[in-house]
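J.: The structure follows.
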Amino acid sequence: MPALENAHALIVGIANYQKINPLPATVLKDAQDIYNLLVSPNYGGYVPDNVQLLLDSQATQANLREALSSIAQKSDVDSSVVIYISSHGGQVDFGPHAGEYLLPVDADCTSGTSLAETAIAGTDFTEALRAIPARKLVVIFDCCHARGIGQPEHPGHRVLPHSQCHWLLVLP
């Protein structure tokens, strides 16, 4: 299989948080397996330099924001982009910080304010996705409270109904 020169990916797995209860170690294995599948010349064909893997301590708020920005800069309308995130998700039900959040390894959930300052708000993640020009963009969340994160607005972008998301495997 020829290498997919214009394919990019961000793979994130966070099990061991600094200030939050850990997730099972399978979170890290799943992220590593997705990475291995994408960069395998026999399966995904992604160029390894175009696939960023952030595990545990690497998956800080700053590094996640930088990785999303990097994909936006490197990709174009003809790119294929995959984003896979397996982590904790969070939600604030009311108040000035109400909404859903992706929790990086350095997130602090002691208050709505600390969560908003240290996590990635769903609205911020959506803006980061909108900055990615690729027409072929697949985002896979394996975390709680992800429903309000990454809402598409562009024509042709769609979200699969929850009933269709069980055992979903996306290959290029």
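J.: Using θ = phi - 60° and the Karplus relation 6.51 cos²θ - 1.76 cosθ + 1.60, list the HN-Hα couplings for segment 42-59 in order, rounded to whole Hz, with x at every Gly or Pro.
T.: 8, 10, x, x, 5, 6, x, 5, 9, 10, 9, 10, 10, 10, 6, 4, 6, 8
J.: Order the peptides 112-118, 20-26 from the highest to the lowest mean number of other Cβ atoms within 10 Å of their residues.
T.: On the way: 112-118: 16.7, 20-26: 12.3.
Peptide ranking by packing, descending: 112-118, 20-26.
J.: What ranking of Tyr43, Tyr101, Tyr35 emerges when the number of other C-beta atoms within 10 Å of each C-beta is taken as an exposure proxy, fewest first?
T.: On the way: Tyr43 13, Tyr101 29, Tyr35 22.
Ascending Cβ contact count within 10 Å gives the list Tyr43, Tyr35, Tyr101.
J.: For a footprinting-style exposure proxy, rank Phe94, Phe141 by other Cβ within 10 Å, fewest first.
T.: Numbers: Phe94 7, Phe141 20.
So the ranking, lowest neighbour count to highest, is Phe94, Phe141.
J.: Let me ask you something else. Quick one: pull the percentage of alpha-carbon pairs in segment 60-150 with a separation above 19 Å. Write down the numbers at each step before the final one.
T.: Working: 1525 of 4095 pairs.
Summing the P(r) of segment 60-150 above 19 Å gives 37 percent of all pairs.
J.: Over what distance in Å are the Cα centres of segment 99-126 and segment 20-87 separated?
T.: Answer, in whole Å: 19.
Bear in mind these aren't lab numbers, they're just calculated from the coordinates by the rules spelled out. Bear in mind the structure is a predicted one, so any value in this text is a computation, not a measurement. For neighbour counting, all protein chains shown are included, and Cβ atoms are generated from backbone atoms with ideal geometry for every residue, glycine included.
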